[in-house]
Amino acid sequence: MKKNLILFFVALSLGVFTYFFQELEDRQDYDETEKRGTLLDPQALGELKGFSLPSVKISKQGTQYLLLSGEIVDERKVDWFMSILSGIKMKRVLPKDSLNKSSRENFFPEENERVEFLFEKGKVTFILGKKLDFDQSFYMEVINGDEINQVVAFDSGPLDTVYEKKEGHRSDHRFRRFQSLFYLDEVFFRDYRIFRHWMNKKWSLLEVELDSRRNRKFSLNFTDAQTTPKIPFFLAGEEKEMRKFEELLVELEGKSYAQKVDADFEKEPLAEMTVNSSQGEARLTLIRSKRDKKAYFLRSSLDKKTYLIEEKYARLFFKPVQDFWNLSAVRNQLKTLTVKFPSQEKSTIVSFSREDGKFMASAPSIEASHQSFSQLVKFLAGKADYWVAGKDYEQGYIKQFVIDWGFGPFFLMIRSGEILLYHKESGHGLVYKITGSPKFPMVKEQYFYE
């Protein structure tokens with residue numbers, strides 16, 4: 001036992017020695033090698049102040065990047081651009097006298113394929129040369145202050161394509177991806193997010209008012225999680241849907257500016273939305289192309305521009321108020337239910353419980369069907385297809401019986417393909433689409449046994 005302990009501590013000591021004096025040294029050597037191979041070292045160069053490509057020039061003003069026109073640049077695209085560049089590593093430096101003027105043209109045929117970076121501590125320029133024939137590397141000229149070097153570089157970033165293994169070593173995919181960066185323009189870097197003018201400060205949505213061709217006008221207050229018209233007295237708000245709507249609205253963005261004139265759009269807007277936020281108010285108008293009914297455009301009062309937008313954003317403008325309500329009549333475990341059939345003089349109070357996991361129904365002076373009431377309660381706990389409002393809305397439906405679970409009497413009615421749960425006093429109702437017969441009984445004899 002003592003011998004085993006001695007051997008264990010010897011092995012442990014060797015492991016610790018190896019880690020601190022071998023592995024850490026190797027790791028530091030690796031990190032230093034990686035650092036030496038990196039062409040852009042933010043720690044050495046400081047904060048990025050701007051950069052220019054053949055077709056675009058970008059500068060940083062405060063916390064935002066701007067184009068020469070003063071338009072805001074999408075910082076997500078700058079991050080993507082820089083992430084590709086951060087993967088460019090140097091393999092070796094060419095000897096200073098290896099390229100004369102005539103041979104340089106063979107290695108650097110496109111002098112305009114260049115990017116110039118302005119950092120806090122100086123300027124760095126990359127000029128892209130040809131790809132090597134026998135591997136994925138390529139030539140680059142790096143100008144850092146007064147120092148000029150021609151190097152062989154490679155793209156160490158992750159691949160987003162697949163090619164045959166035998167050809168992989170000389171594929172030009174990485175080179176073409178890097179080369180494409182030099183041809184990006186203002187259209188690519190422009191920020192098409194609708195609320196970009198508010199994003200330089202902390203901001204939040206407060207309320208929206210939505211008026212569309214399809215649905216009645218309503219407003220949604222995000223602070224109080226309330227709607228106008230108010231949530232019906234027997235329903236509850238669907239806060240999860242409110243948050244999903246808010247999150248999608250915050251990220252609302254266009255794909256590009258519209259290239260059409262007013263005559264190309266339908267005259268009447270599809271919907272209008274007024275957005276109130278902690279940074280101010282915006283009015284958004286959804287319009288559609290005359291020729292392509294699936295092409296949606298958005299006009300914004302923030303910059304007076306019209307954007308082509310994706311359908312997922314257009315759908316925000318078609319939301320009805322009831323999408324933000326929980327359309328389940330019963331949302332908690334039901335303990336009692338008052339029922340009155342046409343043949344009854346008085347209502348019957350039915351109590352519910354569970355015994356050994358089984359649903360039980362009981363009523364005074366009469367036997368209640370556990371199965372029938374279980375089916376009815378399950379129906380009431382399910383979500384309706386839509387909400388309706390209006391006096392005498394029950395016209396056209398056949399009344400079956402009346403139920404009350406604490407909000408007053410509701411008529412349960414039916415017609416072909418639909419069930420209506422209707423509160424006559426307030427004029428509120430829920431409509432359930434059905435196929436075939438209802439999934440719960442409609443007659444007294446199936447609920448009570450004499």
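Could you tell me how many of the residues in the range 399-446 are among the small types (Gly, Ala, Ser) and in contact with a Lys or Arg (Cβ under 8 Å, 6 or more places away or on another chain)?
Count: 2.
Return yes when Asp404 is open to solvent by 10 Å² or more (accessible area, probe 1.4 Å) and closer than 23 Å to Phe324 by Cα and no when it is not.
Judged against the criteria, Asp404 is not a match.
Only residues that are of a type in the set (Gly, Ala, Ser) and surrounded by 15 or more Cβ atoms within 10 Å (Cβ to Cβ): list them for the range 64-114, please.
Hits for the range 64-114 are Ser86, Gly87.
Is there any pair with a first residue in the range 400-428 that is under 16 Å from Val377 (Cα atoms) and in a loop (DSSP other than H, G, I, E, B) and a second that is hydrophobic (A, V, I, L, M, F, W, C) and open to solvent by 30 Å² or more (accessible area, probe 1.4 Å) whose Cβ atoms are under 8 Å apart and which are 6 or more apart or on different chains, and what are they?
So the pair list comes out as Phe407/Phe233; Pro409/Val402.
Looking only at the range 307-340, filter to residues that are free of Cβ contacts under 8 Å to residues at least 60 places away in the same chain, part of a loop (DSSP other than H, G, I, E, B) and more than 25 Å from Gln226 (Cα to Cα); which one of those is most open to solvent (accessible area, probe 1.4 Å)?
Lys335
When you check Lys304 against the structure, is it assigned to a loop (DSSP other than H, G, I, E, B) and either in contact with a Lys or Arg (Cβ under 9 Å, 6 or more places away or on another chain) or over 30 Å from His197 (Cα atoms) (or both), yes or no? Steps first, answer last, please.
Details: assigned to a loop (DSSP other than H, G, I, E, B): yes; either in contact with a Lys or Arg (Cβ under 9 Å, 6 or more places away or on another chain) or over 30 Å from His197 (Cα atoms) (or both): no.
When the stated conditions are applied, Lys304 does not pass them.
Based on what the data block shows, is Arg291 among the basic types (Lys, Arg) and either modelled with pLDDT under 95 or in contact with a Cys (Cβ under 7 Å, 6 or more places away or on another chain) (or both)?
Considered against the rule, which asks whether it is among the basic types (Lys, Arg) and either modelled with pLDDT under 95 or in contact with a Cys (Cβ under 7 Å, 6 or more places away or on another chain) (or both), Arg291 comes out as yes.
Can you name the number of the only condition in (1) touching an Asp or Glu at 6+ places or on another chain (Cβ under 9 Å); (2) surrounded by fewer than 18 Cβ atoms within 10 Å (Cβ to Cβ); (3) at pLDDT below 95 that Arg415 fails?
(1)
Which members of the range 248-262 meet the condition of being of a type in the set (A, V, I, L, M) and surrounded by fewer than 10 Cβ atoms within 10 Å (Cβ to Cβ)? Break it down stepwise before answering.
The initial filter retains those residues of the range 248-262 that are of a type in the set (A, V, I, L, M), namely 248-250, 252, 258, 261.
Passing the criteria: only Val261.
State all residues of the range 160-198 that are of a type in the set (A, V, I, L, M, F, W, C) and either at pLDDT 90 or above or touching a strand residue (DSSP E or B) at 6+ places or on another chain (Cβ under 7 Å) (or both); if no residue qualifies, say none.
Phe175, Phe178, Leu181, Phe182, Leu184, Val187, Phe188, Phe189, Ile194, Phe195, Trp198
Can you report the number of residues in the range 180-216 which are assigned to a loop (DSSP other than H, G, I, E, B) and surrounded by 18 or more Cβ atoms within 10 Å (Cβ to Cβ)?
Residues that pass the stated criteria total 4.
If Met360 passes every condition in (1) in a strand (DSSP E or B); (2) free of Cβ contacts under 8 Å to residues at least 12 places away in the same chain; (3) closer than 29 Å to Gly237 by Cβ but one, which one does it miss?
With respect to (1) in a strand (DSSP E or B); (2) free of Cβ contacts under 8 Å to residues at least 12 places away in the same chain; (3) closer than 29 Å to Gly237 by Cβ, Met360 is out only on (3).
Of all residues in the range 363-379, how many are open to solvent by 100 Å² or more (accessible area, probe 1.4 Å) and assigned to a strand (DSSP E or B)?
1
Scan the range 217-247 for residues that are surrounded by 12 or more Cβ atoms within 10 Å (Cβ to Cβ) and assigned to a loop (DSSP other than H, G, I, E, B) and report the count.
Result for the range 217-247: 9.
Determine whether the range 386-395 contains at least one residue that is under 22 Å from Leu235 (Cβ atoms), of a type in the set (A, V, I, L, M), open to solvent by less than 20 Å² (accessible area, probe 1.4 Å) and modelled with pLDDT of 95 or more.
Looking for residues that are under 22 Å from Leu235 (Cβ atoms), of a type in the set (A, V, I, L, M), open to solvent by less than 20 Å² (accessible area, probe 1.4 Å) and modelled with pLDDT of 95 or more, one finds none in the range 386-395, hence no.
Which pairs do you get when a residue that is at pLDDT below 85, found in the range 90-105, comes within reach of a residue that is assigned to a strand (DSSP E or B), reach meaning Cβ atoms under 6 angstrom, with the pair 6+ apart or on two chains?
Filtered contacts from the range 90-105: Leu99/Gln150.
How many residues does the range 383-400 contain that are acidic (Asp, Glu) and over 16 Å from Ile434 (Cα atoms)?
2
Count, please, the residues in the range 116-139 that happen to be in a loop (DSSP other than H, G, I, E, B) and among the aromatic types (Phe, Trp, Tyr). Break it down stepwise before answering.
First, the residues of the range 116-139 that are in a loop (DSSP other than H, G, I, E, B): 120-121, 132-137.
Filter again for among the aromatic types (Phe, Trp, Tyr), leaving 134.
Going through the range 116-139 one residue at a time, the tally reaches 1.
Among Tyr422, Tyr449, Tyr432, which is modelled with pLDDT under 95 and either among the aromatic types (Phe, Trp, Tyr) or surrounded by 13 or more Cβ atoms within 10 Å (Cβ to Cβ) (or both)? Can you show your working first?
Working: Tyr422 fails: modelled with pLDDT under 95; Tyr432 fails: modelled with pLDDT under 95.
Exactly one residue qualifies, and that residue is Tyr449.
The values are calculated or read from the model by the stated rules, or taken from the named source; none is laboratory data. For clarity, every value in this text was computed on a predicted model and none was experimentally measured. As a convention, Cβ positions derive from the backbone with ideal geometry for all residues, glycine included, and neighbour counts pool all protein chains shown. Remember, those area values only see protein heavy atoms, side chains included, never the ligands or the DNA or RNA. Shrake-Rupley method; radii C 1.70, N 1.55, O 1.52, S 1.80 Å.
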